[in-house]
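Inspection log for the structure reproduced underneath, given as structure tokens.
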Amino acid sequence: TQTQFITPPTQYEPLKETHPDFIQNLQTDISEYLAATPPGSQDYFLGTWFGKGINLLMLADAHDLQKEKQDLINFLSPKFTASLKDFIYDPAQNSLIAVKPEFGNEELNDHHFHYGYFIRAAAILAQFNPEILPEIKEPINEMIQYIANTQKNSDKYPYIRHFDIYESHSWASG
């Protein structure tokens, strides 16, 4: 069986008390994010950039900033969906590799970090915009299967590649 893509069904209630300076700063941060150009990266830096946008989205939701929340959803959804085309399966390495790799991605370095940014962004963005699920489900499930394959008989990806069973954790830098 394949790992299933699951988004939480719950919505969170807006916070009841908010400091006015915080809201103003949050709105400024959101405006600046929406005005910025995504990094030229297609791997690590793009993933962290999506992470920032997703954090802003969750803050806008928590503080009931509906316009900013919708602006972020509309801004992030097409860019995120398009970015998932920048990862390809490399059968020689049994790996998912970024088309424009960074930080040793082509050498299988830190994929659980790099792809984790995309997986987290997908889960949260899909919670707020379920219409993107048909477009992102397959590539995100592929990333999940790649970094957390629990199928010992998989022909595609090694069993728990990014987890050291002897040390009980994953390693950075390789």
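The values are calculated or read from the model by the stated rules, or taken from the named source; none is laboratory data. Please read all numbers here as calculations on a predicted model, not as lab measurements. Cβ coordinates were reconstructed from backbone atoms using ideal geometry, including for glycine residues, and neighbour counts include every protein chain displayed. Note: areas computed on protein heavy atoms with side chains; ligands, DNA, RNA excluded. Shrake-Rupley method; radii C 1.70, N 1.55, O 1.52, S 1.80 Å.
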Mean ellipticity per residue at 222 nm, deg cm²/dmol - from DSSP H runs of n ≥ 4 across the chain, formula -39500 (n - 2.57): -16500 deg cm²/dmol
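Hey, what D do you get for segment 52-138 in µm²/s if you plug the Kirkwood alpha-carbon radius into Stokes-Einstein at 37 °C and 0.692 mPa s? Display every interim value, and only then the final one.
Numbers: Rh = 14.1 Å.
D = 233 µm²/s.
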Range in the chain, longest, excluding exposed chymotrypsin sites (Phe, Trp or Tyr not before Pro) [loop by DSSP; at most 10 other beta-carbon atoms within 10 Å]: 13-165
Given 10 as the ceiling on other Cβ atoms within 10 Å, longest exposed-site-free region of the chain for trypsin sites (Lys or Arg not before Pro) in DSSP loops: 17-151
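Below 8 Å, C-alpha to C-alpha, sequence gap of six or more: please give me the relative contact order for the chain in percent. Present the calculation step by step, with values, prior to reporting the outcome.
Working: 184 pairs, mean separation 41.9, N = 174.
Computed over the chain, the figure is 24 percent.
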Of ALA148, ALA92, ALA121, the one that fluctuates the most in a GNM where the chain has Cα springs shorter than 10 Å: ALA92
Nearest-ten-degree value, helix 66-83 long axis tilted from longest Cα axis of the chain: 20 degrees
Alpha-carbon centroids, segment 95-165 and segment 28-92: separation in whole Å: 17 Å
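Which whole-number percent of Cα pairs in the chain have a distance greater than 19 Å?
Working: 8984 of 15051 pairs.
Counting pairs separated by more than 19 Å, the tail of P(r) holds 60 percent.
At 1.4 Å probe radius, can you tell me the per residue accessible area of the chain in Å²?
On the way: 9800 Å² over 174 residues.
Normalised by residue count, the accessible surface of the chain is 56 Å².
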